[in-house]
Amino acid sequence: MITPETAIALHQVGKVYRNGTVALEGIDLTVQRGDFVSLVGPSGCGKSTVLKLIAGLGTPTQGEVHWGLAQGDRLAFVFQEAALMPWANVVENIHLPLKLKGESLRSSRAAIQSAMNLVNLQGNEQAYPRQLSGGMKMRVSIARALVTQPNLLLMDEPFGALDEMTRSRLNSDVLQLWERYHWTVVFVTHNIYEAVYLSNRVVVMAAQPGRIVAEVTIDETHPRTDAFRTSPDFNHYCRTVLEHLKT
């Protein structure tokens, strides 16, 4: 049911590629404003396809995608790879989406600095991608998304290539930002622990064809800390998601 609080709604969405591959079938998913929803499932189950359809980077073969975005709302996409321009420094990389809108670097300085501050990039303004660690590159990628001040943030396995310590720090950073700004976030991951820690809902998908098999509500208070990661409740949620993945 679509309400004024609905950010995204997919109704009986299917996607069949030209080669006949059925990527998605019968997807029903509603994301309310302020939700942090993670999509988990095996490779090939259509998680990224769902995200691209939400972003408008494709059209469904069947069904409908409804966007409940109000005037002034903005969408941003963080991809699995940082995809930074190697010839540009940090400031220039973050400026890119504003540059594409016709905004000069000079007029964008305050917005760029604000985005850098959000992800703790201060002091790296003149660094080039080759000088940054994997975690720092991903911070630049996130800042590039945040510089447009989005309401809806789509993230496609952004931390999948990082070591566990860096991943854990960035998970906490993103969660703190979500708690502060009340964004709507749809997050794709293979990592059950990451999904449970970050989300208020975990959507479990299966392959052949890609479909939703379960939704698990993570009924935990915020702010979440490392203590939650080692709690019996956390283990219970992880086991629940794992059991649904086995079906």
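Just so it is clear, none of the values below were taken in a lab; they were calculated from the coordinates. Computed from a predicted structure; not experimentally measured. FYI the Cβ positions are ideal-geometry reconstructions off the backbone, even for glycines, and counts take in every protein chain you see.
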(request) Run through all the Cα pairs of the stretch 52-110 and give the fraction in each 10 Å bin from 0, expressed as whole percent. (result) 17, 36, 33, 13, 2
(request) Indicate, rounded to the nearest 5 percent, the antiparallel portion of the DSSP beta bridges found entirely in the chain. (result) 50 percent
(request) Let me know the shape class of the stretch 65-194, please: from the alpha-carbon gyration tensor, a ≥ b ≥ c as square roots of the eigenvalues, rounded when a/c is under 1.5, otherwise prolate if a/b is greater than b/c, or oblate. (result) oblate
(request) Report the trypsin sites (Lys or Arg not before Pro) located in the stretch 78-148 that are in a DSSP loop and have at most 13 other Cβ atoms inside 10 Å of their Cβ, or state none. (result) Lys101
(request) First select every other residue whose beta carbon is under 9 angstrom from the beta carbon of Ala7; then total the charges, Lys and Arg +1, Asp and Glu -1. (result) -2
(request) Treat every Asp and Glu Cβ in the chain as -1 and every Lys and Arg Cβ as +1, leave all other atoms uncharged, and give the resulting dipole magnitude about the Cα centre to the nearest 20 debye. (result) 680 debye
(request) Determine by what factor the alpha-carbon radius of gyration of the chain differs from 2.2 N^0.38 Å, reporting the quotient. (result) 1.02
(message) Students often check this: by mean Cβ neighbours within 10 Å, which of 215-221, 9-15 ranks highest, and how do the rest follow?
(response) 9-15, 215-221
(message) Is there a quick way to get the dipole size of the stretch 1-142? I mean about its Cα centre, with the Cβ of Lys and Arg at +1 and of Asp and Glu at -1; what is the value in debye to the nearest 20?
(response) 480 debye
(request) Using only Cα atoms, find the angle between the long axis of helix 164-181 and the longest principal axis of the chain, and express it within 0 to 90 degrees, rounded to the nearest 10. (result) 90 degrees
(request) Quick one: which residues, 5+ away or cross-chain, put their amide H under 5 Å from the amide H of Val213? H built at 1.01 Å from N. (result) Val204, Met205, Ala206
(request) Could you compute the FRET efficiency for His236 and Ala161, with r as their C-beta to C-beta distance and R0 at 22 Å, rounded to 0.05? (result) 0.15
(request) Would you work out which of Tyr17, Met136, Ser48 lies farthest towards the positive end of the dipole of the stretch 1-148? Charges go on Cβ: Lys and Arg +1, Asp and Glu -1. (result) Met136
